[in-house]
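Report on the following structure.
The values are calculated or read from the model by the stated rules, or taken from the named source; none is laboratory data. Source: prediction; values computed, not measured. Heads up, the Cβs are rebuilt from the backbone with ideal geometry, glycines too, and the neighbour counts pull from every protein chain shown. To get the accessible areas, we keep the full protein, side chains included, count just its heavy atoms, and leave off ligands, DNA and RNA. Shrake-Rupley method; radii C 1.70, N 1.55, O 1.52, S 1.80 Å.
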Amino acid sequence: MHDVPDHAEPPHASSGADDAVRPSPSRRPVEAVLFDFHGTLAQVEEPRDWVLAAAAACGVELDRVRATALADRLLTAGRAGGPRPTRVPPRLAELWADRDLYEHAHRGAYTGLAETVDAGIDGFAEALYERVLIPAGWVPYPDTEPVLKELRRAGVKVAVVSNIGFDVRPLFAAWGLDGLVDAYALSYEVGRCKPDPGIFLRACGMLGVDPERTVMVGDTPADAGAVSAGCAVLVLPAADPGRHNGLGAVLDLATGP
């Protein structure tokens, strides 16, 4: 695990439930918003499309029925950016534990899980993994671009904070959103994973802002770990690719009166 600089003790977080989802009336103005990536700003492509595209990259054209059946089995096995595996084979346990800390572990864990499904296609597991590394394998949520643009217009700084084992910067560049993000705190680079407060404190340090003037926006309990770093937290509901996920609510917190 990488070392991270020492930080001062995080400010004490209130135990009230409301404080975990919005700043209190006495809270100082919001200067920055930290966003989770997967499930908050973007979602992986539909499972059947994922399987069809990976098979095509291997020179195989699948019919939609077989692709759907394969997708169901692969989701059960565990997909990068998708459901966790129902079971991790012992031989993959170490890679799985380190998947968000090292690039090789992330790739090895997810290709290994895909290989537990016999698709009869040479190179299929690697092709499936490659989809998560390219813009075509993801679908930004409809509100992502307008929300990031509004935050930039309002002078609110933005960082992406993600438990992830690969670089998402090329994705944001391909979507034309890289100019709207000021910093990236990625677990495999920082050496800390959410809900560890260290990753949120690192993001705030990158932006040069006080955690008490920062809101973390995510979709899982791990994102709520930012409360321990002194941030306010907004947890969004789960949403399928292309559907609104309530991301615009952050504007009420960050740019409202």
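Overview of results
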{"item": "Largest to smallest accessible area among Ile199, Ile121, Ile134 [probe 1.4 Å]", "result": "Ile134, Ile121, Ile199"}
{"item": "Value of relative contact order over the chain, rounded to a whole percent, pairs C-alpha under 8 Å and six or more apart", "result": "30 percent"}
{"item": "Using alpha-carbon coordinates, inclination of helix 197-207 to the longest axis of the chain, degrees", "result": "70 degrees"}
{"item": "Burial ranking of peptide ranges 73-85, 154-166 (average Cβ count within 10 Å, highest at the top)", "result": "154-166, 73-85"}
{"item": "Nearest 10 degrees, 0 to 90: helix 47-57 Cα axis against the chain principal axis", "result": "60 degrees"}
{"item": "Sequence ranges 110-116, 172-178, ranked by mean other-Cβ count within 10 angstrom, highest first", "result": "110-116, 172-178"}
{"item": "Debye intensity ratio in log₁₀ form over the Cα atoms of the chain, taken at each q of 0.07 Å⁻¹", "result": "-0.25"}
{"item": "Cys193, Cys231, reordered so the largest accessible area comes first (probe 1.4 Å)", "result": "Cys193, Cys231"}
{"item": "Helix axis angle, 144-153 relative to the chain longest principal axis, alpha carbon, degrees", "result": "30 degrees"}
{"item": "Computed accessible area, Leu41, all protein chains, 1.4 angstrom probe, square angstrom", "result": "0 Å²"}
{"item": "Sites Val60 and Asp178 - FRET efficiency at Förster radius 25 Å, r taken between beta-carbons, to 0.05", "result": "0.15"}
{"item": "Ellipticity estimate at 222 nm from DSSP helix runs (n ≥ 4, -39,500 (n - 2.57)) divided over the chain, nearest 500", "result": "-9500 deg cm²/dmol"}
